[in-house]
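The values are calculated or read from the model by the stated rules, or taken from the named source; none is laboratory data. As the structure is a computational prediction, the values presented were derived from the model and not from experiment. So basically every Cβ, Gly included, is an ideal-geometry build from the backbone, and we count neighbours across all protein chains shown. Calculation scope for accessible area: heavy atoms of the full protein, side chains included, ligands and nucleic acids excluded. Shrake-Rupley method; radii C 1.70, N 1.55, O 1.52, S 1.80 Å.
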Amino acid sequence: SDGGAGKRRRLSRKARGDGSARLAVDRLNAVCRDRSEEEEVDALASCSSPVFAPNDAPIYRVERGGEVTYHGPGQLVGYPMADLRHPPYKQDLHWYLRMVEEVVIETLRVYDIEGYRDEDNTGVWVGDNKVAAVGVSSSRWITTHGFAINVDPDLAYFDTSIIIPCGIEGKGVTSISKILRERGVEESSHPSLLEVADATIHSF
């Protein structure tokens, strides 16, 4: 295995060409249609040799800012790839970060959930709890990284005795399903990962 180097080359600016932008959803399709989320996460984890947290979660160092967080089954992870040198974009990473947050906020509104931005911390929040992490980067104004919306992950992986999610103390983590559950909404009415993905794409 090349550790994903081939895929990174295919997604590079040189391979995509000037003026290109991409929202990759093929990974989601593979997860939901060909094999389970757990099998897909296991396949990704086998690409290298990580160290492990006390709860046996693999730990990887990645090329983005911010502190430690968790990604796994039940999260919608989106890495939009856009060339910020071309309209309607701006060559301003702070502006782009806020636009990604706005996409998440609009997605939550589909489920009658009011998300908001925190002046001090990135991401999207409901009350004192983060429902979506956002972290972006760019190379020559081509964006990388993106967002992770907690649809219905195992929130035990955010246990503050193991990690301080995003390095933010005194705040919690929530999910779309947890919010709906607390409202008394039947589990059968909670949106699936694919449904949230569809709503997110329509919010871009």
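Over every Cα atom in segment 83-199, the radius of gyration and the widest Cα-Cα span, Dmax, amount to 15.2, 47 Å.
Rg of the Cα atoms in segment 100-159, relative to 2.2 N^0.38 Å, amounts to 1.20.
Of the trypsin sites (Lys or Arg not before Pro) found in segment 110-165, those in coil by DSSP whose Cβ has at most 10 other Cβ atoms within 10 Å are R140.
A simple rule links phi to the HN-Hα coupling: the Karplus curve 6.51 cos²θ - 1.76 cosθ + 1.60 with θ = phi - 60°, which for segment 88-105 gives x, 7, 10, 7, 8, 5, 5, 4, 5, 4, 5, 5, 5, 4, 5, 4, 5, 4 Hz, with x for Gly and Pro.
Accessible area ranking (1.4 Å probe, heavy atoms, ligands and nucleic acids excluded), largest first, for E106, E195: E195, E106.
Any idea what the relative contact order of segment 85-193 is, in percent, if you count C-alpha pairs under 8 Å spaced at least 6 apart?
The normalised contact order for segment 85-193 reaches 19 percent.
Nonpolar atom fraction for segment 119-204, defined as the carbon and sulfur part of the 1.4 Å probe accessible area, stands at 45 percent.
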